[in-house]
Amino acid sequence: MFDPFIAPSGTLLGLLQRGRGDGTLHALAAPRSEALTALNHCVLSDPRHDWQVENRSLYYARLYLDLDGDLTEIERHLQDPEDLLDTDDSRTGLALAVLGHLASYGRDDALVLLRRYAATGSNWAWALDELALRDDDAGLRALAEPVLARFPATAEGTARLAAAARDAFEPRPWRLWADDPRQSVGARVRAATEQGSFDRWQRQMRPGGPRPGWSVQAVFDWAQEGLERGSALHVPAARCLSAVAAAEDRPVIVQAARSGPEGARCAALHYLAEVQDAAVLDLVEEAVAGTSRTVADAAVAAFERMCGEAAVARARRWALRPDALGASAAGVLACRGAVQDAPLVLAALREAVRGEGPDAPRLWTLVDGTGRLGIACAAPVLRHVYRETSSSHLRGRAAQALAVTDPSFASGFAVECLWDCEESTRELAARHAETGDIRVAERLRRLAADPAEEAEVQTAVRSRIGPDAPAL
């Protein structure tokens, strides 16, 4: 999936793409046609950098309800001929998830669209999973024949059907179909599910990789073979070394970490970091100074996994380095450093934002660290990250840090966070938002009554509006 274009944060489209609470508030205040145009753009062109961890579907579904938006654009998107050419989940997954939430809110038009797409669309499995959670038995049974028709009665078709039944996130439709009295449905699905179970059992009986009794050298060879095939096996190989290595093997492992083949060297570095070997920090520094980018990256990753005092002490020396090891050292201080390390963490936070922007990967750890260390003077940088990042997860982490470092959080960002796309951010807001804002009490009551809201959010809401809570 290509990186999506994200509009500026001060625009309605940019706010909605980011999933910010202010996006909903601005959309409700904007002309309805303008708001629906921006909303449809977001749903049909997924703005998330990682759709597997960032939430948007409930956020957009709620806005469709608030705007009383029709589903014409979603229907056109799902029925577009491109659906037959671009079968990647990212093209239709968000739209299908939005339809699922709308169906759970009682929108029959969303339910009809999901049923139609499950019968004819290329991403039918996703639609079927959405229906499995919301549709009745009759609706699901009616989809048996169109779904099974996708799999011809050949050896290849039967194998693909078994894989589809085995890999389904929601088994309910398959169980209903297995009970169907028709030979072409029930018997076929039962055979497919039995084959899927047999395939799973075969994989479990023929595991790849190390076996009991392997030597240290055998583990190194396995790690090297994996690297040559394009698979990084450094971490699992390090775990294997923990199982097979004895005290007398240390010189061999240290030598491999210093000058062995790349795969063996990476595995040895991870193992020595895991056991907190006294030599590993110098070996990490040597690896980063070397010519192999693979080994350097593995050395940095191994260092980040260390949690002892020696690693923290060395991180204080490395934190000002202008390379990956310096960035990693700042992250270690953010996670495990003491109050004395606050200036180094703050400097790294500012440098990351200035040099790499508000979506820099290392910001996640540094933002958490500013909150953990309570660095009050980091609040302006955290507010910038909150406003500008396109990652809703990073924005949530910035909100967590602001709750600790910024006295104005409760009356400022916490209020808009009640409408945020991420449940953890809404939960934070439910605990902190000042009720002096008239919108807060109304929003808390709505979240408490919304059956689609997550349990953790509703627990936080009840702590504010329950019988033992202060009056709103």
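The values are calculated or read from the model by the stated rules, or taken from the named source; none is laboratory data. In this text, all values refer to a predicted model and were calculated from it rather than measured experimentally. When we count neighbours, we look across all protein chains shown, and the Cβ atoms used for this are built from the backbone with ideal geometry, even at glycine. Each accessible area value is taken on the protein alone, full model and side chains, heavy atoms only, with ligands, DNA and RNA left out. Shrake-Rupley method; radii C 1.70, N 1.55, O 1.52, S 1.80 Å.
What FRET efficiency would be calculated for the residue pair D66, T291, taking the C-beta separation as r and a Förster radius of 56 Å, to the nearest 0.05? Show your work: numbers first, answer last.
Numbers: r = 57 Å, r/R0 = 1.02.
Once the sixth-power term is evaluated, E becomes 0.45.
Quick check: from the Cα gyration tensor, does region 368-461 come out rounded (a/c under 1.5), prolate or oblate? It would help to have the intermediate numbers written out before the result.
Numbers: a/c = 2.09, a/b = 1.65, b/c = 1.26.
Judged from the Cα gyration tensor, region 368-461 comes out prolate (a/c at least 1.5, a/b above b/c).
Could you grab the relative contact order for the chain? Cα pairs under 8 Å, six or more apart, rounded to a whole percent. Could the numbers behind the result be given before it?
Numbers: 634 pairs, mean separation 51.1, N = 472.
It comes to 11 percent, rounded to a whole number.
Sort 129-137, 218-226, 178-186 for me by packing, meaning the mean count of neighbouring Cβ atoms within 10 Å per residue, highest on top.
218-226, 129-137, 178-186
If you place +1 on the Cβ of every Lys and Arg, -1 on the Cβ of every Asp and Glu, and leave all else neutral, what size is the dipole of the chain about its Cα centre, to the nearest 20 Debye?
Values: 53 positive and 67 negative charges, 155 e Å.
My answer is approximately 740 debye.
Given +1 on the Cβ of Lys and Arg, -1 on the Cβ of Asp and Glu, and no further charges, what dipole in debye does region 332-472 carry about its Cα centre, rounded to the nearest 20?
Values: 17 positive and 20 negative charges, 52 e Å.
So the dipole magnitude of region 332-472 works out to roughly 240 debye.
Which label marks the calculated value of Rg and Dmax of the Cα atoms in Å, given the options (1) 21.5, 67; (2) 22.3, 76; (3) 26.5, 74?
(3)
For region 292-359, rounded, prolate or oblate, judged on the Cα gyration tensor with a ≥ b ≥ c (square roots of eigenvalues), a/c < 1.5 rounded, else prolate if a/b > b/c? Each step should come with its number before you reach the end.
Values: a/c = 2.02, a/b = 1.06, b/c = 1.92.
It comes out oblate by the Cα gyration axes.
By the scheme Lys and Arg +1, Asp and Glu -1, what is the net charge of all other residues having a beta-carbon under 10 Å from that of L131? Let's see the in-between values first.
Values: positive: R115, R134, R172; negative: D129, E130, D135, D136, E170.
Counting the neighbours of L131, the net charge comes to -2.
Only Lys, Arg, Asp and Glu count, each charged at its Cβ (+1, +1, -1, -1), so figure out the dipole size of region 1-98 about its Cα centre, rounded to 20 debye. Before the final figure, lay out each step's value.
Details: 8 positive and 17 negative charges, 91 e Å.
Roughly 440 debye for region 1-98.
Of S292, H77, P31, which is farthest on the positive side of the dipole of the chain, counting Cα position, with +1 on Lys and Arg Cβ, -1 on Asp and Glu Cβ, and the Cα centre as origin?
The listed residue farthest towards the positive side: S292.
Could you order E453, E274 by accessible surface area, starting with the largest, using a probe radius of 1.4 Å?
Working: E453 10, E274 85 Å².
The most accessible residue leads, giving E274, E453.
Which Cα, out of V440, A376, V457, lies furthest along the positive dipole direction of region 327-469 (beta carbon charges, K/R +1, D/E -1)?
A376
V275 to R462: extension gain in nm, 0.36 nm per residue of separation minus the Cα-Cα distance? Don't skip to the answer; put the middle values down first.
Details: separation 187, 0.36 × 187 = 67.32 nm, distance 4.53 nm.
Roughly 62.8 nm would be gained on extension.
May I ask you to evaluate 6.51 cos²θ - 1.76 cosθ + 1.60, the Karplus curve with θ = phi - 60°, for each residue of region 158-170 and list the ³J(HN,Hα) values in order in whole Hz, giving x for glycine and proline?
Whole-Hz 3J(HN,Hα) from phi for region 158-170: 5, 5, 5, 5, 4, 5, 5, 5, 5, 8, 4, 5, 10.
Rounded to the nearest 500, what is the 222 nm mean residue ellipticity of the chain from helices alone, with -39500 (n - 2.57) per DSSP H run of 4+ residues and division by all residues?
Numbers: 29 runs with 316 residues, N = 472.
About -20000 deg cm²/dmol.
Tell me the label-point distance for the pair D179, A149, using the 7 Å Cα-to-Cβ offset, in nm and rounded to one decimal.
Each label point is offset 7 Å from its Cα along the Cβ direction, giving 2.5 nm.
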